[in-house]
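Chemist: Quick one: structure below, then a few questions.
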Amino acid sequence: MATRTIGEGVVVERQRRLSETYVGRWITTTDHKLIGIMYMVTAFFFFLVGGLEALLIRTQLAVPDGKVLDPATYDQIFTMHGTTMIFLFVMPMLTGLGNYVVPLMIGARDMAFPRLNAFGYWIVLFGGLFLTSSFLFGQAPNAGWFSYAPLTELTSACGNAVKCTPGLNMDFWVLGILLLGISSIAASVNFVVTILKLRAPGMSINRMPLFTWMTLVTSFLLLFAIPSLTAAAGLLLLDRHLGTHFYQQAFGGDPLLWQHLFWSFGHPEVYILILPAFGIISEVLPVFSRKPIFGYTFVAWSGVAIGFLSFTVWAHHMFAVGLPTVAQAFFATSTTLIAIPTAVKIFNWVATVYGGKLSLKAPMLFALGFIAMFLIGGLNGVALAVVPFDYQATDTYFVVSHLHYVLFGGTAFGVFSALYYWFPKMTGKLLSNRLGVWQFWLMLIGVNLTFFPMHILGLLGMPRRYYTYSGNLGWNELNLMATVGAFIIAAAILVFIWNVIVSLRSGEQSGSDPWDAFTLEWDTTSPPQPYNFATVPIVRSRRPFYDKKNPDIADWKTATH
Amino acid sequence: MRMPLFRGVKRWGKLISALLLSSLFLAACGENSPSVLNPAGPVADRERILFWFILIVATIVFVAVEGMLIYSIFRFRERPNSPMPRQIHGNNTIEVIWTVAPSIFLFAVLIGTIYTMINLAQPKTPADLEVRVVGHQWWWEFDYVSQGNFVTADSLEVPTGAVVQLDLVSNNVIHSFWIPQLTGKTDVIPGHNNHMWFTADRTGNFFGACAEYCGDQHAHMRFDVIAVDQNTFMTWVHTQQASAVTPAAGSLAEQGAKLFGSAAAGCSSCHGIVGNNLTSYADPKGAALIGPNLTHFGSRRLIAGGVLTWDPASCQIVNNQLVNKNNCGLYQWLQNPQAIKPGSDMVINQLTDAQITQLIAYLESLQ
């Protein structure tokens, strides 16, 4: 029961509102900070689900002729590993970080559309639970996260003696993906409007923090890429249940239509997964180097260039489908071009570190690890753009290695950098640095032990998505190595969970600005009040909080921008 | 806390580099592996050369950037007397340099890519042998169109030095045809008749596999490419073109031949044997049979996309009994195919050991 004053000295009891209970506060909230935290917790839960699936895969493949999973189960596990990590871990995690941090960084009170924001979150949660619940029916999606037609069609529709996907498996996938797409669009619209319309006075576009920049670019990518996925999935649903034949060659459709539609979403998607991580480390590196980012304009605009180019490279996933030589040369060229802005970013990060005063705390370690690992993922990515070599490497473990250096060595390191960096802002407590250092080294070793041997497995002829392999092909030691590495990564994640529990309970108080940082989110309490800032901050350079703390040598006095 | 971290870097650095080097070493001498770095023909050879080229370029960039990063970490770590660093915001000259420099590297790689691509698109001389490759779920069928359309399964025999032209066909889902030591992949897509070519420079037995996920038994869609000299190849072709030999009256194989056509086993409702239930490879009855044609099964080495191997030596029959049935892949296959390759189309009525032995004797005779 709560009380309410209805007149002078007259107080009556009334029913407590839902929003006044602990659980109710979370369910009914439209505060970007609470929604951001819910996004991140949900994403982390799905990260554990996806991680468990990864461990099952690696256990099955640890030794030749593995008997842990039967083929039908293995297919569901590897499909859900990819789907979960991409759609239910990385995307919600980055959306959650953006939700929490972006409005604070730009000095706004909340996102532009708070209720749309809450809607987006709840769709992710229920979409994710819906997808994962398919395991309860024993009919989890089983055609890979790429779901190539016509394997994903109903059996009746794809010919005699053909095994497609008669069960509910693909229906779960299609409906889940359609739901999650709605959420992504909602979040993107919200970010675009928030970033373009709600910046604090003085924060022009070229003074925005780089994480905000990258979130803006990512949001535009989502707005243009998701429709392609929605169309692809929608047509598949029609094929499966309403008798259309978009992907069935026997009736005048074309299986390659799926691949073009899917990858014209799928390649921008890869940058959707990595650009926010670029933004994260562009925030962390300067703070822990005690220097501004080197070449702000180049870092920001190379992100924009990557965004544009990412729509022109999709067919590099399809070099083996028999496209004309000229088309392949085009996509090889565009893929090579996209490496240039990426290289520019890496050089600028190294230059930011160079000549600094490096404080090697956990957020910085993860940011440095990001550069080191992402570089490998970039270089073996260039190798895959070399079409004749790609004929050999595509669909082998070489590609598995490449994408995990980018998405785990890259994005996941970026995410942990962000979590160590902003955790004090969200909770008022510091995460233990000692445990953070442990986690970092375990993860660095685990990642390299798991994914480096996969380059070689690919060169030794091991295709992807095999539920087992025979012992006489020279693949045994490398597979065992990868499995050991996967369990080391799992240990690193356990250290992180332990760290969060211990630090929430008895962590060191952080104060509002534990890192002596540069941007506006640190210029308020930890955690911030629902209204974020008591007074609207005024921005005169790219490092407004640095200016406030160092009025004599403020950027706007000394720098040219 | 600082020093242990510092030492840790070195120690783990050593460990990781030792690990990476040893795995490279493993790769270089993975003798049993179908390694793309150990090519047996010109196509795979060009692809390998390109790989070493990129590896060199990538290694230069890797060493330069990681070196700079690690140097900076050690050189600029915070120390008690570290001064406040100069607040440098950027330098346009440097930006231009490091935009142009990687562009030059990448341009070199691109030239190599496009040059090799154009070179590999078509063979220099017309094809010597044309084979129609049909991807099934989950096995490969090889139709020798220029040799009177005889068919084999799971084993593609070719003469060395010949330009082999493949026409890739699927009427089910997408597969991808790959022989790591001879050529990279080309997808086998319903409605798209893709082509590829290769030449084997030396004799040998080369691993081939499906590389596009095509369902539960994607892992068991292997095949062998057997490269032999021209004479051996011609002999093999003549054998394959012929009908299956009729087993001697009263032999175990003859009982097997009868069993093959009987309802008790049910083999002939899916499999064809020219000389048993088919009159020739062109027999229209053959089109309705969904299993591999077994006319010369005895000369093949793989069973059902390589899920097991067929080795007559381990299926020896003495006194009408298998000497060691648990060692005999074909016995296991005929005994319970769904346990060996779950989800495949292969079903068979439960047979007695005696019946299976008869079938094995017959299949072995199909040389």
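Chemist: Could you compute the FRET efficiency for B:Ile118 and B:Trp52, with r as their C-beta to C-beta distance and R0 at 22 Å, rounded to 0.05?
Modeler: Taking R0 as 22 Å, the efficiency between B:Ile118 and B:Trp52 is 0.65.
Chemist: How do A:Thr79, A:Thr5 rank when sorted from fewest to most other Cβ atoms within 10 Å of their own Cβ?
Modeler: Values: A:Thr79 25, A:Thr5 9.
Result, fewest neighbours first: A:Thr5, A:Thr79.
Chemist: Under a point-charge model restricted to the Cβ atoms of Lys and Arg (+1) and Asp and Glu (-1), what is the dipole moment magnitude of the range A:26-184 relative to its Cα centre, in debye to the nearest 20?
Modeler: 300
Chemist: What's the magnitude of the charge dipole for the range A:376-517 around its Cα centre, counting Lys and Arg as +1 and Asp and Glu as -1 at the beta-carbon? Answer in Debye, nearest 20. If you can, show how the numbers build up before the last one.
Modeler: Working: 6 positive and 6 negative charges, 61 e Å.
In total the dipole reaches around 300 debye.
Chemist: Taking every DSSP beta bridge with both residues inside the protein assembly as shown, roughly what % is antiparallel (nearest 5)? Can you show the working numbers first?
Modeler: Values: 38 of 52 bridges.
Given both bridge residues lie in the protein assembly as shown, the antiparallel proportion sits at roughly 75 percent.
Chemist: What length, rounded to one decimal in nm, is gained on full extension from B:Asp45 through to B:Ile97, with 0.36 nm per residue of separation minus their alpha-carbon distance?
Modeler: Full extension of this stretch gives 15.2 nm more.
Chemist: With label points built 7 Å along Cα→Cβ from the Cα atoms of A:Thr244 and A:Arg115, find their separation and express it in nm.
Modeler: Using points 7 Å along Cα→Cβ, the separation is 3.3 nm.
Chemist: Describe numerically, in nm with one decimal, the distance between label points set 7 Å from Cα along Cα→Cβ at A:Val502 and at B:Ala242.
Modeler: Rounded to a tenth, the inter-label distance reads 7.8 nm.
Chemist: Another question, if that's okay. Looking at chain A from every direction and averaging, what is the projected area of its Cα convex hull in nm²?
Modeler: 29.3
Chemist: Another question, if that's okay. Which residue, chosen from B:Asn293, A:Ser302, B:Gln350, occupies the Cα position most advanced towards the positive end of the dipole of the protein assembly as shown, where the dipole is computed from +1 (Lys, Arg) and -1 (Asp, Glu) charges on Cβ about the Cα centre?
Modeler: A:Ser302
Chemist: Which order do B:Val96, B:Val145 fall in if you start with the one that has the fewest other Cβ atoms within 10 Å?
Modeler: Details: B:Val96 11, B:Val145 15.
The most exposed by this proxy come first: B:Val96, B:Val145.
Chemist: Roughly how far apart, in whole Å, are the Cα centres of the range A:10-34 and the range A:65-104?
Modeler: 33
Chemist: Sticking with this one: What distance in nm separates the simple spin-label points at A:Phe487 and B:Thr232, each placed 7 Å from Cα in the Cβ direction?
Modeler: Rounded to a tenth, the inter-label distance reads 4.4 nm.
Chemist: Among B:Pro85, B:Gly250, B:Ala339, which residue has its Cα positioned farthest towards the positive end of the charge dipole of chain B, with +1 placed on the Cβ of Lys and Arg, -1 on the Cβ of Asp and Glu, and the dipole taken about the Cα centre?
Modeler: Result: B:Pro85, furthest along the dipole toward the positive end.
Chemist: What ranking do B:279-290, B:340-351, A:247-258 get when scored by the average of other Cβ atoms within 10 Å per residue, highest first? Walk me through the numbers before you get to the answer.
Modeler: Details: B:279-290: 13.2, B:340-351: 16.1, A:247-258: 19.3.
Going from most to least packed, we get A:247-258, B:340-351, B:279-290.
Chemist: Under the 0.36 nm per residue contour assumption, what length would be gained going from the current alpha-carbon distance of A:Thr525 and A:Leu494 to full extension?
Modeler: Residue separation times 0.36 nm, minus the Cα-Cα distance, leaves 8.2 nm.
Chemist: Something else about it: Step through the table entries A:Lys357/A:Lys425; A:Lys67/B:Lys341; A:Lys429/A:Lys549, compare each Cα-Cα distance with 20 Å, and write down the pairs that go over it. Intermediate values should be presented prior to the final figure.
Modeler: Numbers: A:Lys357/A:Lys425 23 Å; A:Lys67/B:Lys341 13 Å; A:Lys429/A:Lys549 22 Å.
Exceeds cut-off: A:Lys357/A:Lys425; A:Lys429/A:Lys549.
Chemist: Also, I was wondering about something else. To the nearest 0.05, how large is the calculated FRET efficiency for B:Thr279 and B:Thr125 if R₀ is 35 Å and r is the Cβ-Cβ distance?
Modeler: 0.40
Chemist: Determine the calculated [θ] at 222 nm for chain B from helices alone, applying -39500 (n - 2.57) to every DSSP H run no shorter than 4 residues and normalising by the residue count; nearest 500 deg cm²/dmol.
Modeler: Rounded to the nearest 500, the figure is -12500 deg cm²/dmol.
Chemist: Determine the shielding of peptide A:445-456 by partner chains: average, over its residues, the number of Cβ atoms on other chains within 10 angstrom of each Cβ. Walk me through the numbers on the way to the answer.
Modeler: Values: counts 4, 0, 0, 5, 4, 0, 0, 5, 5, 1, 4, 11.
That works out to 3 on average.
Chemist: Using only atoms on other chains, find how many Cβ atoms lie within 10 Å of each Cβ of peptide B:65-76 and report the average.
Modeler: Going residue by residue through B:65-76 and averaging, the value is 6.
Chemist: If I take R0 = 56 Å and measure r between the Cβ atoms of B:Ile88 and A:Leu136 in this structure, what FRET efficiency does the formula 1/(1 + (r/R0)^6) give, to the nearest 0.05?
Modeler: Taking R0 as 56 Å, the efficiency between B:Ile88 and A:Leu136 is 0.50.
Chemist: How many percent of DSSP beta bridges within chain B run antiparallel, rounded to 5?
Modeler: The answer is about 70 percent antiparallel.
Chemist: Oh, and also: Which far-off residues, 5 or more places away or on another chain, put their amide H under 5 Å from the one on B:Val188, with H placed in the peptide plane?
Modeler: B:His175, B:Ser176, B:Phe177
Chemist: Roughly how many Å is it from the Cα centre of the range B:157-217 to that of the range A:352-399, as a whole number?
Modeler: 32
Chemist: For chain A, build the charge dipole from Cβ charges (+1 Lys, Arg; -1 Asp, Glu) around the Cα centre, then report which of A:Thr79, A:Gly378, A:Ala62 sits farthest towards its positive end.
Modeler: A:Gly378
Chemist: In terms of modelled amide H atoms, which long-range or inter-chain residues lie less than 5 Å from the amide H of B:Leu129?
Modeler: Sorted by chain and number, the residues that satisfy this are B:Val163, B:Gln165.
Chemist: Placing +1 at every Lys and Arg Cβ and -1 at every Asp and Glu Cβ, with all other atoms neutral, what dipole size does the protein assembly as shown have around its Cα centre, in debye to the nearest 20?
Modeler: It works out to roughly 3900 debye.
Chemist: Using only helices, what value at 222 nm comes out for chain A when you add -39,500 (n - 2.57) per DSSP H run of length 4 or more and divide by the total residues, to the nearest 500 deg cm²/dmol? Mind showing how you got there, number by number?
Modeler: On the way: 18 runs with 348 residues, N = 561.
Calculated from helices alone, the mean residue ellipticity at 222 nm is -21000 deg cm²/dmol.
Chemist: Round to a whole angstrom and tell me the spacing of the C-alpha centers of the range B:292-338 and the range A:221-265.
Modeler: 43
Chemist: Residues of B:173-181, mean number of Cβ from any other protein chain within 10 Å of their own Cβ, rounded to a whole number?
Modeler: Partner-chain Cβ atoms within 10 Å, mean over residues of B:173-181: 5.
Chemist: Neighbour counts of other C-beta atoms within 10 Å: give me A:Tyr391, B:Tyr144 arranged from fewest to most.
Modeler: B:Tyr144, A:Tyr391
Each value in this text was obtained by applying a stated rule to the coordinates, not by laboratory testing. Not measured: the values here are computed from a predicted model. All Cβ positions, glycine included, derive from the backbone under ideal geometry; neighbour counts span all protein chains shown.
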